[in-house]
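The values are calculated or read from the model by the stated rules, or taken from the named source; none is laboratory data. All values derive from a computational prediction rather than experimental measurement. Heads up, the Cβs are rebuilt from the backbone with ideal geometry, glycines too, and the neighbour counts pull from every protein chain shown.
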């Protein structure tokens, strides 16, 4: 039941919101899959999933499942990654991990192929996929950094509930219905399923994503700050983030302020720089009300940028609006892109006939 | 049918989203109303509204309706204010105008009583009520400016649809229902009823409020920038804004970055400054997930502030989350507060027995 060429691929968390998009992306990109193993928690084991017309039964993830795998895509939560990613590596697989478990580990490359593909060469078995809100931002900022230099970034996010998983989507939909019908609601998932209190997400804006750290920032905010510096190889880059969850199903939006080095440029020049940037689609024309929207980004792998304005006080500062499908470029698509880069760079070898 | 003491008050736009909140606020504050005249466009004339147990019939707004009025609260759109506010002034009324028609007129005080009540003394008949998103921000920033000095403000807004009127609320509710049921939608009101294209607001975040100016900013963004400088009497204050409409019925939220003068302070010191500030309620304790939310601000006149964090790069810079009911402190409540200030300062005289 396997192809003769290609890679033996395991997907851990295959039934989740991101896992499903990973499979869709592997299909759509016609990724050279030799054999596929779909793994999950015991709760979801036994479910059936169709991939390229063939039905697969999801199996419980366990160390021995990674025997013979070349690539293991993980998206089943940090604790599962911590436990099983080293087991997969021990058995010869390269792990591309979508959780935050290893992102800030200095032995683990944190990769957005448009920005730092070369970092893959230094891998030790595990490669981390950055946080969704970080990925789309660095894709947009990288060409500006290359062309002008980048000094400071202040971002306020407008994040979709699908980033918190299928339960969060379900809660938002049901709760929205209840609020519209004037019914009582009983929030149980958002803003953070693992935190003590839960708040209404329907028709609201909740300034908490992930738990709080000691310094008053959330983990999500600190992820954006630290991951951006790591991916862009610039510890001196000033980054600040405020992360907010919205009643949007899919598509993260970001209001981003940046200060560059050197002389100020015109909006047209910034647009020209961005339109040449890998993975970026410019949607920026106030005269026709053209700007990126969460709803129109869904299902597309691009990072959309618009609302580019010069700051009115600082000549080399700019504002922009960055939108992308958080399940695709923010997660699944970037993971599969990393796998493609591993092939392109000759880092991963094809599977052997057994 | 009139009280013997108090003021003859006209409310223009009495049937609108803000007009209704004005009447509610006059009632709740037990404002000394001697007689009340409810005015509107021809479309809404004839409607009946109950105020303090008495039923009033809404009449078509016209110049002669302002005879004998001491206070005229306008909230029926800029063109009606431009036409009728001077007529009201001519007849002896002081106009408190909730539209943008006169806000940047140098002969018109633009007033948030907690910030610049004294400016009322220089009025020439018309007093402007600032834009909703500006009001809540300056209330929060004023005590910081007083205590520390203020150099720079960068705000990204999360604005409710009620700021765009009852039609916008209706569109959001109906559209949300349709999206949840998988029906086709046909946006007609938002983001800006007077602009060419309309976009889905349900489960989306739309980075356009009001029309675009030549410089790529929207009028809403330029209002926040210019009005903040005028109210705070500081043309050198650096202000930048990105304004975004959300599927929230009422309650504007704002992610605000500020740089102060002088030495950096601790979060506790900033909290102490804010908790002493007029009109502010601090909701800021990460350990109990306490922060302001649009949904919990509704119906309350306070400006709620939380998520206060020190910037991690600049010692005298801070981030915060500012929320208020855009129809109350952002509009109706502030207008009635202005009327109260006019009484307190002896600027407006009580009505005469006729």
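Taking the condition surrounded by fewer than 23 Cβ atoms within 10 Å (Cβ to Cβ) and more than 24 Å from the chain's Cα centre (by Cα), does residue B:63 pass? Spell out the reasoning first.
Values: surrounded by fewer than 23 Cβ atoms within 10 Å (Cβ to Cβ): yes; more than 24 Å from the chain's Cα centre (by Cα): yes.
When the stated conditions are applied, residue B:63 passes them.
Do we have residue A:146 as out of contact with any strand residue (DSSP E or B) (no Cβ under 6 Å at 6 or more places or on another chain), closer than 23 Å to residue B:313 by Cα, without any contact (Cβ under 8 Å) to a residue 60 or more places away in the chain and more than 9 Å from chain B (Cβ to nearest Cβ) here? Please lay out each step first, then the result.
Values: out of contact with any strand residue (DSSP E or B) (no Cβ under 6 Å at 6 or more places or on another chain): yes; closer than 23 Å to residue B:313 by Cα: yes; without any contact (Cβ under 8 Å) to a residue 60 or more places away in the chain: yes; more than 9 Å from chain B (Cβ to nearest Cβ): yes.
So residue A:146 passes the test.
Within region A:200-227, work out how many residues are assigned to a loop (DSSP other than H, G, I, E, B) and more than 13 Å from residue A:240 (Cβ to Cβ). Step through it out loud before you land on a result.
Filtering region A:200-227 for residues assigned to a loop (DSSP other than H, G, I, E, B) gives A:200-205, A:207-211, A:213-217.
Next, from what is left, pick out any that are more than 13 Å from residue A:240 (Cβ to Cβ): A:200-205, A:207-211, A:213-214.
Residues flagged as assigned to a loop (DSSP other than H, G, I, E, B) and more than 13 Å from residue A:240 (Cβ to Cβ) within region A:200-227 amount to 13.
Surrounded by 24 or more Cβ atoms within 10 Å (Cβ to Cβ) and either under 20 Å from residue A:316 (Cα atoms) or over 25 Å from the mean Cα position of the chain (by Cα) (or both): does that describe residue A:201? Even if it seems obvious, please write down each step before you answer.
Details: surrounded by 24 or more Cβ atoms within 10 Å (Cβ to Cβ): yes; either under 20 Å from residue A:316 (Cα atoms) or over 25 Å from the mean Cα position of the chain (by Cα) (or both): no.
For residue A:201, the condition - surrounded by 24 or more Cβ atoms within 10 Å (Cβ to Cβ) and either under 20 Å from residue A:316 (Cα atoms) or over 25 Å from the mean Cα position of the chain (by Cα) (or both) - is not met.
Could you say which residue among A:153, A:189, A:179 is under 27 Å from residue A:108 (Cβ atoms), touching a residue at least 24 places away in the same chain (Cβ under 8 Å) and not assigned by TED's automatic domain parsing to the domain that holds residue A:98?
A:153
Please determine whether any residue of region A:60-69 is in a strand (DSSP E or B), within 20 Å of residue A:335 (Cα to Cα), in contact with a helix residue (DSSP H, G or I) (Cβ under 8 Å, 6 or more places away or on another chain) and in contact (Cβ under 8 Å) with a residue 40 or more places away in the chain.
Checked region A:60-69: no residue is in a strand (DSSP E or B), within 20 Å of residue A:335 (Cα to Cα), in contact with a helix residue (DSSP H, G or I) (Cβ under 8 Å, 6 or more places away or on another chain) and in contact (Cβ under 8 Å) with a residue 40 or more places away in the chain.
If a residue has to be out of contact with any helix residue (DSSP H, G or I) (no Cβ under 8 Å at 6 or more places or on another chain) and either facing chain B (nearest Cβ under 9 Å) or under 18 Å from residue A:316 (Cβ atoms) (or both) to count, how many in region A:251-283 make the cut?
11
Looking at residue B:167, is it in contact (Cβ under 8 Å) with a residue 12 or more places away in the chain, under 24 Å from residue A:253 (Cα atoms) and surrounded by fewer than 23 Cβ atoms within 10 Å (Cβ to Cβ)? I'd like the intermediate steps shown before the answer.
Details: in contact (Cβ under 8 Å) with a residue 12 or more places away in the chain: yes; under 24 Å from residue A:253 (Cα atoms): no; surrounded by fewer than 23 Cβ atoms within 10 Å (Cβ to Cβ): yes.
So residue B:167 does not fit the description; no.
Would you mention how many residues in region B:228-250 are more than 8 Å from chain A (Cβ to nearest Cβ), within 19 Å of the chain's Cα centre (by Cα) and part of a loop (DSSP other than H, G, I, E, B)?
Counting residues in region B:228-250 that are more than 8 Å from chain A (Cβ to nearest Cβ), within 19 Å of the chain's Cα centre (by Cα) and part of a loop (DSSP other than H, G, I, E, B) gives 4.
Which residue, of A:225, A:154, A:209, is buried (at least 17 other Cβ atoms within 10 Å of the Cβ), under 22 Å from the mean Cα position of the chain (by Cα) and more than 25 Å from residue A:313 (Cβ to Cβ)? Show your work before the answer.
Values: A:225 fails: more than 25 Å from residue A:313 (Cβ to Cβ); A:154 fails: more than 25 Å from residue A:313 (Cβ to Cβ).
Selected residue: A:209, the only one of A:225, A:154, A:209 that is buried (at least 17 other Cβ atoms within 10 Å of the Cβ), under 22 Å from the mean Cα position of the chain (by Cα) and more than 25 Å from residue A:313 (Cβ to Cβ).
Given region B:1-52, what strands (runs of 3 or more DSSP E) lie entirely inside it while holding 3 or more residues that are surrounded by fewer than 19 Cβ atoms within 10 Å (Cβ to Cβ)? So that I can check it myself, show each step before the final result.
On the way: elements: B:7-12, B:33-40, B:48-51.
Because the criterion is at least 3 residues that are surrounded by fewer than 19 Cβ atoms within 10 Å (Cβ to Cβ), the strands (runs of 3 or more DSSP E) in region B:1-52 that meet it are B:48-51.
Is it true that some residue in region B:167-187 is on the phi > 0 side of the Ramachandran plot and more than 10 Å from every other protein chain (Cβ to nearest Cβ)?
yes
Do we find that residue A:220 is modelled with pLDDT of 95 or more, closer than 27 Å to residue B:268 by Cβ and within 9 Å of chain B (Cβ to nearest Cβ) in this structure?
no
Results for (1) under 23 Å from residue A:141 (Cβ atoms); (2) in contact with a helix residue (DSSP H, G or I) (Cβ under 8 Å, 6 or more places away or on another chain), shown as yes or no for each residue.
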position: A:76; (1), (2): no, yes
position: A:82; (1), (2): no, no
position: A:85; (1), (2): no, no
position: A:89; (1), (2): no, no
position: A:104; (1), (2): yes, yes
position: A:111; (1), (2): yes, yes
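Can you name the condition, by its number, that residue A:206 falls short on among (1) farther than 18 Å from residue A:249 by Cα; (2) modelled with pLDDT of 95 or more?
Result: residue A:206 fails condition (1) only.
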